Amino acid sequence: AADDFPAPPTEADLDRLLSSDLPEQAVGNRYDYLSARQLQESGKVLLKAAEIDLAPITNLNFDFFFKGLHEDANPLQGLDGALFGNWVGPSGKIGLNVEKPFANNTQLGRLAQQNAIYRQQAISSVDLERVIKANVVLAEGQLREAMIQLQRTRESIDLYRQTYDNELEKLRFGSSTIIDTILTEQRLTDSGQSWVSAGLRYAQILAQLRFESGTLIAEGAGGKMVN
């Protein structure tokens, strides 16, 4: 790998991060949750439209007009007389059309369907908010445990390295055997592998926490990029 593992924060930085209201902030950062809320709002508008459609259909028509008529064998004179001759008017016409179904089952069915869709969208939005907050809290606890494990394995490497150096000194003076030295070196190697595993777990949990909190992607000068 070209990059090293992310450096763990200090205890003070970690306490400051975990003491903040990160679950609430995560809800506002997650675009999938914001999309779910927008979908819920659109469902609310469609539900209101379905309620309005229950009302009877009433159409009021009003026409206002003048009439001009002139007949002549010459088309130009006929047109001139129709436009500039005697006019009949003003005339008007009013019409009222009311449509109200007896049972109105069609609109009632649409209202029930849209109400079910809106409630489903609301439930999905609330459930997604609950899942986001729960995952953030879980990742926060796992991150603290992973950081503690990473620190312990780092301390273990330092202790085994010191023990291995002591074994080398004892081997030079003849107070230790080559087998004891090899076994000590093996323990040092095992502790190093444990540190790599702990570092990998810490990096994975940190990436998961950034994803759950909506901070994995950051807006920069070159556009959006992984933080």
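Based on the Cβ-Cβ distance from residue 133 to residue 108, what FRET efficiency comes out when R0 is 45 Å, to the nearest 0.05? Provide the component values of the computation, followed by the final result.
On the way: r = 38 Å, r/R0 = 0.84.
According to the calculation, E is roughly 0.75.
Could you give the length gained by full extension between residue 117 and residue 25, i.e. 0.36 nm per residue of separation minus their alpha carbon distance, to one decimal place?
Values: separation 92, 0.36 × 92 = 33.12 nm, distance 2.79 nm.
Here the segment from residue 117 to residue 25 would lengthen by 30.3 nm.
Under a plain spin-label model, where a point goes 7 Å from the Cα along Cα-to-Cβ, how far apart in nm are residue 5 and residue 126?
4.2 nm
Starting from the Cα of residue 62, step 7 Å along the direction of its Cβ; do the same at residue 91; then give the gap between the two resulting points in nm.
1.9 nm
Within the stretch 103-117, name every residue whose backbone N is under 18 Å away from a label modeled 7 Å from Cα of residue 49 along the Cβ vector.
Once the point is set 7 Å along Cα→Cβ of residue 49, 106-117 turn out to lie under 18 Å by backbone N, inside the stretch 103-117.
Estimate the FRET efficiency between residue 148 and residue 176 by the formula 1/(1 + (r/R0)^6), using the beta-carbon distance for r and 30 Å for R0, to the nearest 0.05.
0.35
Net charge around residue 188, counting only other residues with Cβ within less than 14 Å of its Cβ (Lys, Arg = +1; Asp, Glu = -1)? Walk me through the intermediate numbers first.
Numbers: positive: 154, 161, 187; negative: 155, 158, 165, 167, 180, 185, 190.
Within the 14 Å Cβ shell, the charges total -4.
Every number in this text was worked out from the coordinates using simple rules, so none of it is lab data. Bear in mind that the values here come from a model prediction, so they are computed numbers and not experimental data. Neighbour counts run over all protein chains shown; Cβ positions are idealised from the backbone, glycine included.
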